[in-house]
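See below for the structure under consideration.
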């Protein structure tokens, strides 16, 4: 059973996390928490880089879905 969040019912464009990821320019990173960063590389991939995993996504939506499903602990001051 997956835990829902409010953005499952609202438009994800209103989610501050989605907005922050959407605003990344080539070469920029966003610190999701103390151990995880999202990097938008020169090949147009969103890389989720954490201590125990590294995943790459070709679309913002896939990256956002992964973060939402994986249950990263996002600090309040990061959204």
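Values quoted throughout were computed directly from the atomic coordinates according to the rules given, and no laboratory measurement underlies them. All of these numbers come straight from a predicted model, not from anything done at the bench. Methodologically, a virtual Cβ is constructed for each residue, glycine included, from the backbone with ideal geometry; neighbour enumeration extends over all protein chains shown.
What distance in nm separates the two pseudo spin-label positions at residue 28 and residue 70, each 7 Å out from Cα along the beta-carbon direction?
Label-label distance for residue 28 and residue 70, simple model: 2.1 nm.
Determine the gain in length on full extension of the stretch residue 35-residue 54; use 0.36 nm per residue of separation and subtract their C-alpha separation, reporting nm with one decimal.
Working it through step by step, the gained length comes to 5.7 nm.
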